[in-house]
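Here the structure is laid out as structure tokens; the discussion comes afterwards.
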Ligand code: AMP
């Protein structure tokens with residue numbers, strides 16, 4: 001049985017009892033509207049840990065005015081069933097008031113030119129502060145041994161790992177591969193914003209990244225050349241608006257000219273009402 005818990009106090013009671021029983025606590029933070037990507041994180045946590053807690057919280061702090069906070073999909077009953085199928089012990093779904101009571105004033109930031117300033121940070125300036133703040137709170141509430149994140153949000157993973165290290169949070173972060181639809185589109189709760197035609201167009205992102213991967217594997221090392229080819233593939237998709245195509249060092253997220261060592265190829269593209277991100281490590 002997966003138990004739905006809505007208060008911080010109750011989560012702490014469960015976790016305290018698990019610790020007494022000597023169980024390792026695995027944590028999967030999410031905004032809900034589950035798909036197979038979320039489930040893969042839960043499955044890994046279930047393998048590694050004696051207790052698994054999944055949070056569902058659409059965090060207002062990480063949405064800018066005019067972004068999709070209000071229309072972000074919320075489907076708790078369905079999510080609960082899916083978490084139950086993955087044998088999660090608890091789904092923690094707090095209210096906004098539970099997480100941000102009146103007077104809430106503390107936010108987590110990183111250096112001005114640090115990881116949150118790169119890639120998506122150029123287009124969503126306060127987004128990662130919102131993410132770090134909520135994840136710091138959730139880590140403090142749950143005190144997990146292990147926390148699981150998806151590669152689709154690779155920048156987010158790096159930022160959270162940096163935060164956990166810098167603030168001496170006693171949690172090990174794990175990165176799991178991006179789960180994709182059969183046609184390659186990275187699964188995302190936001191894919192529901194796509195109409196049927198746009199849904200087809202959206203496969204262009206994955207096609208472009210596959211092409212980039214092929215080029216690098218067959219010896220191309222010029223970032224400009226690979227970016228040019230990605231742009232060419234995306235530009236063939238009518239109605240796709242590119243936020244960025246970037247080839248960066250996979251640890252620092254600094255742009256590289258020459259592709260060598262662990263490198264991230266990442267993009268953000270808007271199609272209709274959806275802003276889609278995807279990446280590959282090469
Ligand atoms: P979200 O609910 O979109 O905030 O995502 C919660 C967690 O699931 C984050 O760690 C995401 O990176 C991860 N995630 C989202 N989509 C995927 C995917 N397609 N494959 C693997 N992990 C994912």
Only listed residue being under 24 Å from residue 175 (Cα atoms), out of contact with any helix residue (DSSP H, G or I) (no Cβ under 6 Å at 6 or more places or on another chain), loosely packed, with under 15 Cβ neighbours inside 10 Å and in the same structural domain as residue 136 (by TED's automatic domain parsing), chosen from 43, 85, 105: 85
Selection status of residue 219, more than 24 Å from residue 40 (Cβ to Cβ), free of Cβ contacts under 8 Å to residues at least 24 places away in the same chain, away from the ligand (no atom under 11 Å from the Cβ) and outside any loop (DSSP other than H, G, I, E, B): no
In segment 22-38, the residues that are more than 9 Å from the ligand (Cβ to nearest atom) and touching a helix residue (DSSP H, G or I) at 6+ places or on another chain (Cβ under 8 Å): 24, 25, 26, 27
Residues satisfying the stated conditions in segment 237-258, i.e. at pLDDT 95 or above, surrounded by fewer than 20 Cβ atoms within 10 Å (Cβ to Cβ) and part of a loop (DSSP other than H, G, I, E, B): 250, 251, 252, 254, 256, 257
Residue within segment 12-19 that is modelled with pLDDT of 95 or more, touching a strand residue (DSSP E or B) at 6+ places or on another chain (Cβ under 7 Å) and over 18 Å from residue 170 (Cα atoms) present: yes
Selection count where residues are more than 13 Å from the ligand (Cβ to nearest atom) and either crowded, with 18+ Cβ neighbours inside 10 Å or touching a residue at least 60 places away in the same chain (Cβ under 8 Å) (or both), scope segment 173-192: 0
1 or more residues under 20 Å from the mean Cα position of the chain (by Cα), without any contact (Cβ under 8 Å) to a residue 60 or more places away in the chain and under 13 Å from residue 93 (Cα atoms): qualifying strands (runs of 3 or more DSSP E) within segment 1-79: 25-30, 51-56
Some residue of segment 137-150 being within 12 Å of the ligand (Cβ to nearest atom) and surrounded by fewer than 20 Cβ atoms within 10 Å (Cβ to Cβ): no
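The values are calculated or read from the model by the stated rules, or taken from the named source; none is laboratory data. For clarity, every value in this text was computed on a predicted model and none was experimentally measured. Every residue, glycine among them, receives a Cβ derived from its backbone with ideal geometry; neighbour counts consider all protein chains shown.
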